[in-house]
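Notes for the one structure printed next.
The values are calculated or read from the model by the stated rules, or taken from the named source; none is laboratory data. The model shown is predicted, which means the values in this text are computed figures rather than measured ones. Please note: Cβ atoms are built from the backbone with ideal geometry, for glycine as well, and neighbour counts cover all protein chains shown.
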Amino acid sequence: MKTYDAYKESDILGVNKVPKDWKVVNFRYLIDVLTDFTANGSFGDLAKNVNYLEEGVSRLVRLTDLRADFKNKGIYLNEASHNYLKKSELFGGEILLANVGAYAGLAWIYEGIEGKASLGPNMFLLKFKDVLDKRFAYISLTSFYLHSQLLDKATSSAQPKLNKEDVKSCVFILPTLKEQTQIANYLDHKTAIIDALIEKKELLIQKLQAQRQAIINEAVTKGLNPNAKMKDSGIEWLGEIPKHWAAKRLKFIFKIQKRIAGELGYDILSVTQRGLKVKDISNYKGQFSMDYSKYQIVNEGDFVMNHMDLLTGYIDISKQTGVTSPDYRVFELIEEKCNPQYFLYISQLCYKEKIFYSHGQGVSQLGRWRLQAKEFNNMTFPFPSFEEQKEIADYISLNTKIMDKVLVETEKSIKKLKAYRQSIISEAVTGKIDVRDWQQKKIN
C-alpha cells in the first residue's frame, strides 16, 4: 500500500507524523451533541420519574446489552419514563461511548432495535458536525491513537471514569470529508474479511469446547463402560450412574479450610476462567488490599473455588503454596482413595453446567450468586472406586489433549487477527497508508 507524498510532524502519542494536508484538531470542535442519561435531570428527579420494568414500551440500552447484542434479559421503561428521558432517546445510528468502569473508552454504533429505546446510565451519546463522517469517527474511536487518549484519561483515578471534558479534549486527526468516506469504505471491506475469519475460528472453538465438555461429562458421571448396569443416583442433575458406584456428600470427600496467613511474602493466587493464576501486583492499580496478611493460605494440592460468583467463577487445584482472597473457598480432599483430577473435572462440570448455581443464593444481577458452605457440604458427587477414578481422569486427559492444543493455537490465531485488524485501522486513520485510489474488486 502506498503512502502520502508529504507528511508533517505530530505531537500525538504513537503518531509521529500525519499527511501534510490533514488537520489535527481538538475533538470538541467536531462534536455536535455529547449527552448522557443524567442530562435528563438530577439523580433525585431521575429516581422519581424513571421506573425500571421487566416489560415496557421502551428498552433501556445499557453497556451490558450492547456487549450481549441484545440477546440478554433487558430493562424496560413505560411511556412516561421514556418521555422523561427524551434528551437521550435513541433512534439508531448513534455512537455510544462507555464512560465508567473497565470498559470506559470503548465505543459502539447503536444499530437500533425494534421499538423505542433510550440511553442507559454510564454511557455518552455522540453526534457530530457535518465535517466529520460518522463511520470515520467511530473507526477513529476504536483506533489506538484515540482510544489510548480516552483510556489514559479514564484511568487517571482509582475508579475508571470519563467526563464530558475528557472526551472533548482529545486530539483528533481529520482528513478531508471525501477521504474520511474513502477510508471508512476501505476499512469496512478489510475488517469484514478479518471479522469473518475470526468468526469461523470462534465457531471452531465453541464446537471443540462443547465436544470436550461432552467427553468430560459422560466420563465423570457415567464411567467408561457403555455396557455397565445403571442405577438411579437419586440426584436430579446426576441422573443414572453405574450400579457399582457410590454417591457421597461433599462433606465426606472434602474439608473446607480457613488458614489465615498472618504475614506477607506469599504469592497471591486468583481464580480465573483459565484456572488458578499468580497475580502480578507490581503495578497493580485496581481494588486490592496491600495487607494480604489476612488472606488465607493455599497449600499445593488444595482446591480453590470462587463460590461468590457462580456464573463467571471457576475452580482449580493449586500447584503451589500461596495465599488467596478470604472470599474464596479453599478445601482439601479428606478421603484417602480419591483422585484429585477426577474430582476437579466433576467440580468444573458443576460450574459449566450451572450445577453449583442451582444450589446458590444471592443477587445474580450484581454478580453475587454464592454457594453457602452448608449447601456445598450437602451436595452429592458420584464416587467410583479409586482405580476407576484414575482411569477416567487418564482417559479424559488423553482424549482432550489434542483438542486443548488446537484450542490454544486457534486462540493465538484469533489474537493475531485482531492485532492485524487493529494495525490496519490505525494505519488508515493516521495516514500511514494512502487509500484514496483504493477500489473494491468486483467479483464476476
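Computed quantities for the displayed model
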quantity	calculated
Among the candidates 356, 331, residue that is modelled with pLDDT of 95 or more, of a type in the set (Phe, Trp, Tyr) and closer than 20 Å to residue 256 by Cβ	331
Residue, nearest to the chain's Cα centre (by Cα), within the stretch 43-70, restricted to residues that are under 19 Å from residue 91 (Cβ atoms) and basic (Lys, Arg)	62
Per-region count, the stretch 301-344, residues basic (Lys, Arg) and without any contact (Cβ under 8 Å) to a residue 24 or more places away in the chain	0
Within the stretch 393-444, considering residues that are closer than 18 Å to residue 182 by Cα and among the aliphatic types (A, V, I, L, M), the one surrounded by the most Cβ atoms within 10 Å (Cβ to Cβ)	429
Among (1) surrounded by 13 or more Cβ atoms within 10 Å (Cβ to Cβ); (2) in contact (Cβ under 8 Å) with a residue 40 or more places away in the chain, the one test that residue 159 misses	(1)
Single unsatisfied condition, residue 321 versus (1) β-branched (Val, Ile, Thr); (2) over 23 Å from residue 370 (Cα atoms); (3) in contact with a helix residue (DSSP H, G or I) (Cβ under 7 Å, 6 or more places away or on another chain)	(3)
Every residue from the stretch 271-284 that is exposed (fewer than 15 other Cβ atoms within 10 Å of the Cβ), of a type outside the set (A, V, I, L, M, F, W, C) and in a strand (DSSP E or B)	272, 277
Condition met for residue 426 (over 30 Å from residue 213 (Cα atoms) and either assigned by TED's automatic domain parsing to the domain that holds residue 343 or not in a loop (DSSP other than H, G, I, E, B) (or both))	yes
